[in-house]
Structures are given as structure tokens and as C-alpha cells.
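Beneath this line is the structure, given in C-alpha cells, with notes to follow.
None of the figures in this text is laboratory data; all of them are computed from the coordinates on show. Every value quoted in this text rests on a predicted model; they were computed, and no experiment measured them. No Cβ is skipped: glycine too gets one built from the backbone with ideal geometry, and neighbour counts run over all protein chains shown.
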Amino acid sequence: MTDDVTIRMLSKRKLVEPVLIEGLPGVGNVGKLAADHMVDVLDSEHIASIYSIYLPPQVTVADDGVAKMISHELHVIRQKEGARKGKDLLVLTGDFQAISPEGQYILSQRTMDLANELGVTMVYTLGGYGLGKRIETPRVIGAVNDIELKEEMEGAGVAFQPGEPGAGIVGASGLLLGMASLVSVPAVCLMGETHGIIVDPKAARAVLEVLVKTLDLTIDITDLDEKAAEMEEIQDQIDSMNDQIERSERESTGYIR
């Protein structure tokens, strides 16, 4: 690797009106879960890998012992039915985001440049909106880079509330949303409400439901439902443990006058 960002194209496949969907790790891993699910259950092809010195300095090791460089991967999915039949989805996935602010900007800019070169007509970035508490029925909070997109997304069930997200959108989801406007590409960020610390398949499901409506997709979400049920059991156990700790603390201080 001789550059700060190296892009290796693995396919010369001609793309048809591609839409970019970004799902990198973040709050509750909501975006990553949603994007990985799309790649896993739909007919996808890995067409590019993006390597960078701004990603963590390590390799991943598979169960068979084979090491692999950290990268972001671009997968193409040809839509087989619906209003966008015959058109392409480009799904950006990965196990890590850039580890420095400078790296976030540079890697996001190079990704957006690649998307522009590939003729991307729309960008959806996916993430979580951390509330620090358990969410039974997560909403999907939205942000757009063009006010004309707001009404369409509200029709798909996306909430736009003043002050949400109050701290802005950090990382690739926010930067790609902003950078898309610099090249006149419409973009939307979809954020599923989540605790923020625990991996949240339920919030990922909520985000996917919006994409299904917006892009006229057909996708099996059984696997996400199963993961969500497992996480519910874990959260129940955590809540029970916290209740026991609180009771114990109250009882131990009850003798103090």
C-alpha cells in the first residue's frame, strides 16, 4: 500500500443507476447490522475493497486461520423486482471506521469520489441514535441534505424532530451525507433509536423497514428477528441484575442514620 487510501476494483461490471447504502460500525452497530444483512440475504457481489492507513493497524483472522487486511468492502446487488427492477444497490460494509478525525474525512471523501465515479444517484447512510436507555419500539430518525427529500422520507415513517440528533452525526454516516451535497447527490441518513451500548438488531430492523419502503425491496428479515429476540433476553438479564444491585444498595444503606 503506497497511498493513504487504496481502492482495488474486483469487477468491471456496468452499474445501472446505482444507489449507495453505507452501513459501517457505529452506535449500537445499527447500520452495520442492516447493511451486512442485506449483503448476506440478497444476491450480492463483492466488487471493490478500500484499504487505508487510517483504519486500525491490524488484520482479521478467520476461523480457518487465514489473515485478511482490514478494509471497507463495496458490494453490488441487482434489484430483481419492484419499481427499481434491473437497477443496482451498492452496499458499503466493514468492521471498522477510520481511527482519527483526519482519517474519517479523507476516507469518506475518497469513498464519495468513488461513488461519484460509479454514477451513484442517491446515498443512504445508516446508523444508530443513542438514547442511553432501552427502547421497546425504536423510531427511525432522519436527516437529509436536501429539504425536498424530507416529505418523501416522512411518508416512509421517518421522524424529523427539532434537536434530534442534538449532537449531530459523527463518522462516515454524517460525512457522506454532507459530502454528497458537494457533488449534487441527494442523500439521507437513517438512524434507528437504540440504547447506544448494546448491539441492537431491533433498531437495524426498523431502519431496514424504511429502506424496504423507499427502495421497493423484498428482503427476508427472519435472521434479524431472531437476533433481536436473543438481545431482548440479554437485556432482560441485564435489567434484572441492575435491579438486584439497586435493591442491595438500598438495603445496605438502610441502616445508616
For this session: Please list, or write none, the lysines whose alpha carbon is within less than 17 Å of the alpha carbon of LYS85, excluding same-chain residues fewer than 8 places away.
Result: LYS14, LYS213
Exercise. Which residues in the stretch 19-60 place their backbone N less than 15 Å from a point set 7 Å from the Cα of ASP113 along the Cα-to-Cβ direction?
Worked result: 50-54
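For VAL66 and SER11, what is the calculated FRET efficiency with R₀ set at 22 Å and r taken between the beta-carbons, to the nearest 0.05?
Efficiency computed from Cβ-Cβ geometry: 0.50.
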Problem set entry | Stretchable slack from VAL170 to GLU226, in nm (0.36 nm times residue separation minus alpha-carbon distance) | 17.2 nm
Seminar exercise, completed: In the chain the DSSP beta bridges are antiparallel at a rate, in percent to nearest 5, of 60
Problem set entry | Calculated on alpha-carbon atoms, Rg and Dmax of the stretch 123-194 in Å | 11.9, 38
Seminar exercise, completed: For the LEU131, PHE160 Cβ pair and Förster radius 25 Å, calculated FRET efficiency rounded to 0.05 is 0.90
Problem set entry | Reciprocal of mean inverse Cα separation for the stretch 154-225 (Kirkwood radius, Å) | 13.9
Exercise. Tell me, how many Å apart are the Cα centres for the stretch 45-95 and for the stretch 132-180?
Worked result: 24
Exercise. For the chain, what does -39500 (n - 2.57) per DSSP helix run (n ≥ 4), summed and divided by total residues, give at 222 nm, in deg cm²/dmol to the nearest 500?
Worked result: -12000 deg cm²/dmol
For this session: Only loop residues by DSSP count here, and only those with at most 13 other Cβ atoms within 10 Å; note down the GluC sites (Glu not before Pro) in the stretch 42-81 that meet that.
Result: GLU81
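Calculate, in whole percent, how much of the Cα-Cα pair population of the stretch 84-208 lies beyond 19 Å.
51
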Problem set entry | Loop-located trypsin sites (Lys or Arg not before Pro) in the stretch 1-79 whose Cβ has at most 16 other Cβ within 10 Å (DSSP) | LYS12, ARG13, LYS14
Exercise. Normalised by the number of residues in the chain, what is the relative contact order in percent for Cα pairs under 8 Å and 6+ residues apart?
Worked result: 23
Problem set entry | the stretch 5-221, dipole about Cα centre (Lys/Arg Cβ +1, Asp/Glu Cβ -1), debye to the nearest 20 | 200
For this session: Kindly rank 226-233, 194-201 from highest to lowest mean number of other beta carbons found within 10 Å of each residue.
Result: 194-201, 226-233
Exercise. Rg to Rh for the chain: what is it, with Cα atoms only and Rh by Kirkwood?
Worked result: 1.02
For this session: Given the peptides 49-60, 91-102, arrange them by the average over their residues of other C-beta atoms within 10 Å, most packed first.
Result: 91-102, 49-60
Exercise. What trypsin sites (Lys or Arg not before Pro) in the stretch 131-225 are in a loop by DSSP, with at most 11 other Cβ atoms within 10 Å of the Cβ?
Worked result: LYS133
Problem set entry | Whole-number percent relative contact order across the stretch 64-130, with pairs defined as alpha carbons under 8 Å at least 6 apart | 22
For this session: Provide, as a two-decimal number, the C-alpha radius of gyration of the stretch 28-114 over 2.2 N^0.38 Å, N being how many residues it has.
Result: 1.21
Exercise. Which shape class applies to the stretch 1-52: rounded if a/c is under 1.5, otherwise prolate when a/b exceeds b/c and oblate if not, where a ≥ b ≥ c are the square roots of the Cα gyration tensor eigenvalues?
Worked result: oblate
